[in-house]
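First, the structure itself, so that you have it in front of you.
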Amino acid sequence: MRRSAALIVVPLLAAAITPAVAEPATAGAAEESYVVTAPRPGSFPLVAKGRAAPIVVSEADYPGVVRVVGDLRDDVARVTGVRPATVLDDVPRGSEPVLVGTVGSPLIDRLVQRGKLDVSGIAGKWETSLQQVVRDPLPGVRQALVIAGSDQRGTIYGAYDVSRRIGVSPWYWWDDVPAKHADELYVLPGRHSQGTPAVKYRGFFINDENPALDRWARTQFGEGLAPGYPGGLNSKFFSRVFEVMLRLKANYLWPAVWGRAFAEDDPANHATASLYGVVMGTSHEAPMMRGIEEWNRHAVPAVRDAQGNIVTPGHDPYGGTGEWSFRRNADAIKAYWTDGIERMKQEDFEGVVTLGMRGNGDVGLPDGDGIELMQEILGSERQILADKGMTDVPQVWTLYKEVQRYWDKGLRAPDDVTVVFTDDNWGNMRKLPDPQLPPRSGGYGMYYHFDYVGGGRNYKWVDTINMANTWEQLNAAKSYGVDKLWVVNVGDMKNEELPLQFFLDYAWKPIPLRDVPKWEKRYAAENFPGPLSGEIAEVLHEYGVLQARRKPELLNRRITGGPGTTVTYDDQMTPYYLENYREMDRVTADWQQLAARSERVARGLPRSYQDAYFQLVGYATAATANLYSLRRAEFTNILYARQGRAATNDLADETDARFADDQALNDYYNTGLAGGKWKNFQSQPKIGYGDVARYGPNAPWQQPELNNQALPDEVFPAVQRIQVPEAAELGVAVDGSDQWWPAATTPAVLPTFSPYQSQPRQYVEVFNRGATAFDYRITSAKPYVSVSRSRGTVDKQVRVEVSVDWKHAPRGTTRVPLTITGAGRSVAVEAVVDNPAHRPKHGFVEANGYVSIPADATSRVVGDWQRIPDIGRDGDGMEPSPVTAPRREPTGPRLEYTVNVYTTGPVTVWVYVSPRNNVHPTDGLTYAVSLDGQAPRKVNVTTATGADDTAMNRQWERNTSDNVNRTATTHVIDRPGEHVLKVWAVDPTVIVQKIVIDTGGLAPSYLGPPSSTRLR
């Protein structure tokens, strides 16, 4: 946009990258850096023998370019301890300098005119840079490192790329990542370029910033500039945001909106964005460069007559007048918008103007959703731009939530407006461009979420993003031609470093699926020492996989109901089952093991990296593992209280202890970490969701407010404490049941034993319902069924494992009684032993009433499918390829699975797919299932579950909260033995995670049963 008047502009040269410019390596791929720490033939000494090359920039270049030279200087000093001199315009004779400039600046023009620098590969391109060692560039200069950009940001990105190559992480300030020390630095000869970005505008939305970011920023950057204006998010704060944006090669920002007005909170905010060279935008609910907070601050009530008509509108030249309704208050709203565009014109900052209109408070319009109304709104906004001579400014219309209905009903924005499609707030795109539509000059954009406040629950505490899911959705968007603008909601930003960097790297240059693990390793290596970076990458990868099973805020909400039934919520039940498949134990153990591994890595890191590791890896891993342990103790306590166990209060104590650990982690983050730099940042509640009695009717999804005050009773549901009698009393519980004996009226039966079951042992718990210890004894009616401890003493409880010796078990089904005696009573428990006479040789084998199959464990793949590692909640996923394929009949591409079943008659086949929305102009997303040679049965996963209306109905909330969409078909098995199950491709973007055949014994669970035994 602006540069100083002395700038000399030369004609742009050829736009194509010349063969002499090295083609940039794929983002995330292994590549040798062009900066090394020892001299090589022809290399340029950036720092050598205790001296640093001076850095020269033209004062006539863009302000952002002049500014970034200071950052490059500081980065060299961070790495080497040697601080380069910075020089404006004059190139010192006899020096070997770094020359930084933009095509068209005096410094770069001199090199071009002397024939020393060929910029034809970058000139005229968008945000493209070149780093090249040039011999004899200017009189008296033997060689120089030239960092040249096609435009302002091209030069800035080029300078920051050198910073990253020498060992300065983009997160050096935001996460206290130390620079990697080197005594000397050399730039290799040749021409180096990072290429041209695949997506033109790339950035993020700071949102849902209360309480964490807001409280921290007020402490770090001061209170408000004027009474009534909030502090913290001022130009000092945004300087830090703009810097990390540019280091990450982002160029576009939506600033915070809740109680915030970017233009008013600090009058220097827009000027600071211009100084850094950042493009400003506003969110989907803030049209015409004016945040809704400005209207709310300055709105003056109108005077109305008895019929409600406005007689005298209020007036405030800086804000709104009366009601936020275009039907009833259009003149005031248009005047308000006009002021926003006039301010943009006067302050001359680079921006993208949001069009359209939503209701005040991020809701639908109060005037209804008629197409004629939205056409009038868009027309009025376009007229304002024309009246102000701003028709060339980039414009977007974001189809967020209810706004998409206008598009679905046929309303189209003017051709030069970028239409921004959105996800459903949970990482699943709602719509993508119909390939049949003609191209639009404005193209298409994407608004995505790594943070959200809304149904089925807020998630804004820590990073919960699965990289595989994000990759798949970004790949789909790019494949469908969405490449003009990408913006992602990152909440407080600081909690979302890894997914944000991946999002921006992908927007710069799409990352092939095979290179995602390389990208993860590069991310870790950029922030931590080389010897441990590989293991850190593995920890971060596993962290994302485990988090994506379910958001931590949802660990106390069970959602029940399915296709054709009413979906209900129960915030006093954990979604992970305590009794079936030992699910809660298994998922908690997964987290505990990951946290232990993370802690081992931390112990191996130098002291200087401890703060960075705690912020980028350690805190979120340890705190989430602790939260799982808390929830396991909490819900086990509630179960024990119902059974009257003596161990009940121990679990209440453990819950309190885990809550104390949570608070201790928060306190260290807020007071001890980095010398107190992050005071108040870890203040986001995540435990008390759902307590309607305390927090009111919004509690089921809105955040609690007291989690940061160290009150154990805010754990919801509340733990229970009981008083047991002094006398001993026998109680028995068995694997797979929440009942206890002898109180239960039904027999105590263990889950069926099979040589093919994935869980070879079952347990029996002998517990005390009194305060006095007692002796117990367990006897088995058959020697081939044994227990791990057949006798002993029960203080509070003892768990014993039951196993079968399959070498001596008879063929067929037998029932073996186990008798438990103690405290003067006895209980009989039945072990059902199923030892089939038929021994299959291939495929998955039925056991315990089901066959559970990971989607990628195929016996045959027909057609093009893509395996996406770890996209499922407990495994890989399979997606038809290409993602842009048209709908087809179930006659070709398919996944085949060999299964062996002993049950005949009707069975139910459950297919677990990712909770995608129908992004196509069709009636839904469909797959098909068949058994053996039977005709395929189609299933529409959106209409079958009632989740086709993604304006947030309850079935959609279940699917997104559970991160899976489960649908079922019924089939008939006519004979025992080997069969072939087939899952057919019909629509693209249907990702199969898992298949479960219920042969009559499937128990309820969150993840579904563990994978069945597979014979090769």
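Using the charge dipole of the chain (Lys, Arg: +1 at Cβ; Asp, Glu: -1 at Cβ; taken about the Cα centre), state which of Phe450, Ser380, Leu750 has its Cα farthest towards the positive end.
Leu750
Moving to a separate point now. Tell me which of Pro1004, Val804, Met357 sits at the most positive position along the dipole axis of the chain, charges placed on C-beta atoms (Lys, Arg +1; Asp, Glu -1).
Toward the positive end, the furthest listed residue is Val804.
Considering amide H positions built from the backbone, and no H for Pro or chain starts, which residues 5 or more places from Tyr201, or on another chain, come under 5 Å of its amide H?
Leu485, Trp486
While we're looking at this one, here's another question. Taking the Cα centre of segment 571-675 as origin, sum charge times position over the Cβ atoms of Lys and Arg (+1) and Asp and Glu (-1), and report the length of that vector in debye to the nearest 20.
Numbers: 11 positive and 15 negative charges, 76 e Å.
With Lys and Arg at +1 and Asp and Glu at -1, about 360 debye.
Nearest 10 degrees is fine. How inclined is helix 467-479 to the longest principal axis of the chain, computing both from alpha carbons?
50
How much FRET efficiency would the formula 1/(1 + (r/R0)^6) give for Ala718 and Thr566, where r is the Cβ-Cβ distance and R0 is 25 Å, rounded to 0.05? Before the final figure, lay out each step's value.
Working: r = 27 Å, r/R0 = 1.08.
Computed FRET efficiency for Ala718 and Thr566 comes out at 0.40.
I need the per residue convex hull volume for segment 201-511, using only the alpha carbons, in cubic angstrom as a whole number.
Value for segment 201-511: 136 Å³ per residue.
Compute the relative contact order of the chain as a whole-number percentage, counting only Cα pairs closer than 8 Å that sit 6 or more residues apart in sequence.
Values: 2262 pairs, mean separation 88.2, N = 1016.
Worked out over the chain, it gives 9 percent.
Looking at Tyr276, Val241, Ile206, which one has the Cα that reaches farthest to the positive end of the dipole of segment 140-284 (charges on Cβ: Lys, Arg +1; Asp, Glu -1)?
It is Tyr276.
Expected output is a single nm value to one decimal: the length gained when fully extending between Asn296 and Glu599, i.e. 0.36 nm times separation in residues minus the C-alpha distance. What is it?
Details: separation 303, 0.36 × 303 = 109.08 nm, distance 4.77 nm.
Residue separation times 0.36 nm, minus the Cα-Cα distance, leaves 104.3 nm.
Viscosity 0.692 mPa s, temperature 37 °C: give me the Stokes-Einstein translational D for segment 521-654 in µm²/s, with Rh taken as the Kirkwood radius over C-alpha pairs. Display every interim value, and only then the final one.
Working: Rh = 16.7 Å.
In µm²/s, the coefficient is 197.
Looking at the chain, send over the antiparallel percent of its DSSP beta bridges, to the nearest 5. Present the calculation step by step, with values, prior to reporting the outcome.
Working: 107 of 150 bridges.
Around 70 percent antiparallel, to the nearest 5.
Further question on the same structure: Please get the size of the charge dipole for segment 843-1015, origin at its Cα centre, with Cβ charges of +1 on Lys and Arg and -1 on Asp and Glu, quoted in debye to the nearest 20.
On the way: 16 positive and 19 negative charges, 20 e Å.
My answer is approximately 100 debye.
Suppose every Lys and Arg Cβ carries +1 and every Asp and Glu Cβ carries -1, with no other charges. What dipole size does segment 782-898 come out with about its Cα centre, to the nearest 20 debye?
Values: 17 positive and 14 negative charges, 124 e Å.
That gives segment 782-898 a dipole magnitude of about 600 debye.
Same structure, new question: For the ranges 507-514, 972-979, what's the packing order if you count other beta-carbon atoms within 10 Å of each residue, average per peptide, and put the highest first?
507-514, 972-979
Against the longest alpha carbon principal axis of the chain, how many degrees, from 0 to 90 and to the nearest 10, is the axis of helix 326-347 turned?
Tilt relative to the chain: about 50 degrees.
Continuing with this model, one more query. Would you compute, from DSSP H runs of 4+ residues alone, the mean residue ellipticity of the chain at 222 nm, taking -39500 (n - 2.57) per run and dividing by the full residue count, rounded to the nearest 500?
On the way: 21 runs with 266 residues, N = 1016.
Rounded to the nearest 500, it is -8000 deg cm²/dmol.
Moving on to the next point. Packing-wise, with mean Cβ within 10 Å as the measure, how do 106-117, 484-495 rank, highest first?
Descending mean neighbour count gives 484-495, 106-117.
Could you sort the peptides 525-532, 284-291 by per-residue average Cβ neighbour count (10 Å cutoff), highest mean leading? Provide the component values of the computation, followed by the final result.
Working: 525-532: 17.5, 284-291: 25.0.
With the highest mean Cβ count within 10 Å placed first, the list reads 284-291, 525-532.
Please list, by residue number, everything in segment 802-820 whose backbone N is under 20 Å from a paramagnetic label point 7 Å out along Cα→Cβ of Ala837.
From segment 802-820, the list is 806-816.
What FRET efficiency, computed as 1/(1 + (r/R0)^6) with R0 = 56 Å and r the Cβ-Cβ distance, is obtained for Gln436 and Arg825, rounded to the nearest 0.05?
On the way: r = 74 Å, r/R0 = 1.31.
Efficiency for this residue pair is about 0.15.
Angle between the Cα long axis of helix 371-387 and the longest principal axis of the chain, 0 to 90 degrees, nearest 10?
30
Taking R0 as 56 Å, what's the FRET efficiency between Ala335 and Gln610 from their Cβ-Cβ distance, rounded to 0.05? If you can, show how the numbers build up before the last one.
Details: r = 55 Å, r/R0 = 0.98.
According to the calculation, E is roughly 0.55.
Readers should treat all values here as calculations from the given coordinates under stated rules, not as data from a laboratory. Note that the coordinates shown come from a computational prediction; the quantities given were computed from them, not determined experimentally. Using ideal geometry, Cβ is built from the backbone for each residue, glycine included, and neighbour counts are taken over all protein chains shown.
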